[in-house]
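Q: Pasting in a structure now, in structure tokens, and then I'll have a few things to ask.
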Amino acid sequence: MPDRQAETPTDREDESLPPLETNAAARLGDFIASPRILFISLIAIAVGALSAVVALALLRLIGLFTNLFFFQRWGTALVSPAGNHLGLLVVLVPIIGGLIVGLMARYGSERIRGHGIPEAIEAILINGSRVEPKVAVLKPISSAVSIGSGGPFGAEGPIIMTGGALGSMIAQFFHLTSVERKTLLVAGAAGGMSATFASPLAAILLAVELLLFEWKPRSVIPVALASATAAALRRYLIGMGPIFPTPPLPSFIGPAALISCLLVGLLAGALSALLTAMVYAAEDAFHHLPIHWMWWPPIGGLVIGIGGLIFPQALGVGYDTIGSLLQGSVPARIIIGVLVVKSLIWSISLGSGTSGGVLAPLLMMGGALGGVEAMFLPHVAAGFWPLISMGAILGGTMRSPFTGVVFALELTHDVNALLPLTIAVFLAHGFTVLTLRRSILTEKVARRGYHLSREYAVDPLEVIFVREVMRTNIVALPAGASPEQLARSLRGDRGQERERRGQHLYPVMNDAGNLAGVVTRRDLQGAMQTSALPEIAHDGQREMSAIIKSHPVVAYPDEPLRVVVYRMAETGLTQFPVVQRDDPRKLLGIVSLRDLLHARERNWEEERRRERVLKLRILPALRSRQQETMEVR
């Protein structure tokens, strides 16, 4: 039988590739979702409702411990520790609280240490979105003790972690995938934040920017429903918003104030970088202490106590101080005290590994920075610059700009701040992106030996089709080839041009020119080395049927490369023949893992290659006039 490897349709590169079939276009959609999303959404709604109850319970628990520690009375209302009458004994209260937290962390669960969100990220990335039940119990209690004993933290981080733990626990009772457990964990976290701050949209954005690591309907829709459910229940459990009402802002603040927002964003970015550095410098300092980490929170509590003695407003969550900053009614000494004392005790105590959140302290310090800026920037309205700085600090420190903008709007219900917030928040975000490798939340995860990327983009393998990268200049073998012909084929493959190098899968064609199967290079080499194929043809030639895979795994030209990658991962194969969808016997080419890498190279070139597409040219009439002028001269 003659060698037909040069006669296969795959060698005719001058022919145009088949167009995308109509039915293939109908199969491809903008999003990937299945009816399973309905089941997950129903569970997420229940998780959101329970998260609202958990948020209320934690706020009441914080109020209870604050009343017990500082006022020796039984009560669950949130009060400020600044009004206590303990005198010098106030220094002991945070030390006692830190000691309790240290003991709970050592003999209960080390997972309760920290500010909540990094622990939720770690549970998602490392533990398959599984959270131990004891964490769901110990985390809110330890946080309530820490904040109630004067810790300068917020309740949102512990609530996010507790809500996430609740969602994870509920998910573990069902037969779910790791991705579905992650969705319910994040649904609980978003529900807790939504119920605490009456900020359903900001909770969804925070979930997307920090916890989900994707923007897909399968996860965003259940999380959104959980957040909305928790926000609706807040009306009956806690009350309506806004949390921090502000004086009305003008619909347009004017060019001078808009330009000033650039400066606000830069200063907020610089403060964000400074606060992040201070927290982890304190953590590094604690790691050098020759004592067990259980004793670090009491040392952090000592710093809190001294700071509270100097500046009582630095103790506790500080919601009242945030509200005063947004009203523009805070004296200069309070502003300076927040910037200096609150920043120091917060960073040192957080570095000690105690339990508490970062959101409320960042709002407080951002508001104080805005209070300083209000002294020299154009006057817009009372509390305007503290509001803009609060949002900018969130966007810069947490690297979540959309959350920063929307969160500030939902806290105040004043949409007129949208434009200045957008300018300041994204400029602060850009400042920290260029100056810091990681945020205050992801640095802790990185220090534990893990890495995560928070850049969301469409994978090029999602939008590039097989027909764009498949190789058509390949070697194909006839079904009845002899060993001599096989040897010639392999030798010819080594001598072909670069496009044929690395071919390890050979299509086998029957007499009609249709695909009969495939054979691997390894099988061919093994057959030739033994020189003994088991079946003998009537003319004495060894048949290839013993080593041909007559039902190969194939790819289609209208498939996105993402589908092919998943198929490779599922089968363990790295090369597929490409066949026409309506006629699987018609061979079009081969796609391999190497071709998928070429698709990545194309995307890389688009990002790195710089070229000038449009060039500025002088009009011919103007050029001749310039030449005449030069001749006259």
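None of the figures in this text is laboratory data; all of them are computed from the coordinates on show. The structure displayed is predicted, hence computed values, not measured ones. Virtual Cβ from ideal backbone geometry, glycine too; neighbours counted across all protein chains shown.
Q: For VAL415 and THR571, what is the calculated FRET efficiency with R₀ set at 35 Å and r taken between the beta-carbons, to the nearest 0.05? Working shown, then result.
A: Numbers: r = 53 Å, r/R0 = 1.51.
So the FRET efficiency works out to roughly 0.10.
Q: Which helices count as membrane-span-like in the chain under these terms: full DSSP H, at least 30 Å along the axis by C-alpha, Kyte-Doolittle mean of -1.0 or more?
A: Passing helices, by number: 36-71, 255-287.
Q: What label, among (1) 1.03; (2) 1.14; (3) 1.00, belongs to Rg/Rh (Cα atoms, Kirkwood Rh) computed from the structure on display?
A: Given (1) 1.03; (2) 1.14; (3) 1.00, the calculated one carries the label (2).
Q: Report the relative contact order of the chain, percent, no decimals, based on alpha-carbon pairs under 8 angstrom and at least 6 residues apart. If you can, show how the numbers build up before the last one.
A: Working: 1186 pairs, mean separation 100.3, N = 633.
So the answer I get is 16 percent.
Q: May I ask you to list the residues of the range 576-595 whose amide nitrogen lies under 12 Å from a point 7 Å from Cα along the Cα→beta-carbon direction of ALA512?
A: It comes to 584-586, nothing else.
Q: I want to check a number: in the chain, how many lysine pairs have alpha carbons closer than 22 Å, given a sequence separation of 8 or more or different chains?
A: Pairs that pass both the separation and distance tests number 8.
Q: Still on this model: What's the longest bit of the chain with no exposed GluC sites (Glu not before Pro), using DSSP loop states and at most 16 other Cβ atoms within 10 Å as the test? Write out the running numbers ahead of the final one.
A: Values: sites that count: GLU7, GLU13, GLU15, GLU21, GLU214, GLU455, GLU497, GLU535, GLU611.
Looking at the chain, 215-454 is the longest stretch - no exposed GluC sites (Glu not before Pro) with at most 16 other Cβ atoms within 10 Å.
Q: Got the relative contact order for the range 36-237 handy, in percent, Cα pairs under 8 Å and 6 or more residues apart? Write out the running numbers ahead of the final one.
A: Numbers: 371 pairs, mean separation 60.6, N = 202.
Relative contact order of the range 36-237: 30 percent.
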